[in-house]
Amino acid sequence: SVLLGSANPRKHMKSILSACFPRCVRAFPLLFGVIIAPTVAHAQLVVFNFTGTSPGLNPPWTSTSTLESGITLTGWTLGSVTGNSANNRFTATSWSLGTTFGDASSGNDYITFSITPTSGNQLSLSGATITYTLQNSGAGPDFYSIRSSVDNFGSDLSASSSALTAAGGTTSTSLTLPTSVSYTGLTSAVEFRIYGWGATGGTGTFSVNAWSMAGSVSAVPEPSTYAVIVGAVALAGAILQRRRTRGAPR
């Protein structure tokens with residue numbers, strides 16, 4: 001009613017837009033973040049169940065007690081190590097006798113599994129927690145490293161490259177995945193490997209007894225969503241540029 005009663009409706013509208021424009025521009029990043037940013041509220045994605053007869057002799061081991069909808073798993077498999085007979089844990093022999101991670105890496109001495117979002121979904125693992133239990137025999141590896149395909153297995157996850165409990169004990173701990181954009185919006189498989197080295201004999205064993213991990217699964221935004229946001233930001237930029245040009249001294 002104010003606009004209709006104005007002597008110059010067009011001028012009045014421009015004054016309204018001029019007044020709200022700075023706040024609208026500031027709102028665009030917030031709007032962009034709300035629509036595009038992956039869900040950060042993590043839930044339990046998967047809890048593996050290793051209860052059974054010789055999981056290491058039956059790869060891929062896919063038994064789970066928890067599996068979030070919207071993802072699939074390859075199950076635990078072996079690198080160049082050899083599956084071993086032991087109940088209630090995924091165990092292997094023929095681990096690296098070398099003294100460095102490089103020895104394990106070059107020999108493909110690891111056990112591994114992959115997690116993949118189903119079509120139309122994306123996976124966020126940024127800042128997510130993995131809880132696990134590992135076990136070695138007296139002649140098994142003394143050291144381990146957990147790595148992922150997100151950086152092509154180029155770095156340890158958290159402080160996971162460390163010594164195992166000596167003389168065949170178990171090591172139960174957790175790690176936090178990097179808080180990074182590279183761990184968000186994942187639409188293809190992510191592989192996790194547990195490398196082992198420092199064994200003193202080829203028959204020494206190393207196993208994963210428990211593994212659970214958190215994260216979030218959400219629908220991939222429609223292309224039209226991105227188009228609307230990009231268009232709105234472009235329009236805001238054009239209007240701002242026009243205002244600056246008009247206001248520049250002549």
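Tabulated values for the structure
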| quantity | calculated |
| --- | --- |
| Rg and Dmax of region 73-199, Cα atoms only, in Å | 14.8, 47 |
| Selection from 211, 164, 197 lying farthest towards where the dipole of region 99-219 points positive, charges on Cβ | 211 |
| Estimated FRET transfer efficiency (residue 43, residue 203; beta-carbon r; R0 45 Å; 0.05) | 0.65 |
| Value of Rg to Rh for region 51-136 (Rh from inverse mean 1/r over Cα pairs, i.e. Kirkwood) | 1.01 |
| Gain on full stretching of the segment that runs from residue 66 to residue 161 - 0.36 nm per residue minus C-alpha separation | 31.5 nm |
| Accessible area (Å², per residue) of region 57-155, counting only protein heavy atoms and a probe of 1.4 Å | 39 |
| For residue 200, residues with placed amide H under 5 Å, excluding near neighbours | 140 |
| Computed E for residue 220/residue 54 - FRET, C-beta separation, R0 35 angstrom, nearest 0.05 | 0.35 |
| Residue 149 versus residue 174: modelled label distance in nm, points set 7 Å from Cα along the beta carbon direction | 2.6 |
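The values are calculated or read from the model by the stated rules, or taken from the named source; none is laboratory data. Small disclaimer: the values here were computed from a predicted structure and weren't measured. For neighbour counting, all protein chains shown are included, and Cβ atoms are generated from backbone atoms with ideal geometry for every residue, glycine included. Calculation scope for accessible area: heavy atoms of the full protein, side chains included, ligands and nucleic acids excluded. Shrake-Rupley method; radii C 1.70, N 1.55, O 1.52, S 1.80 Å.
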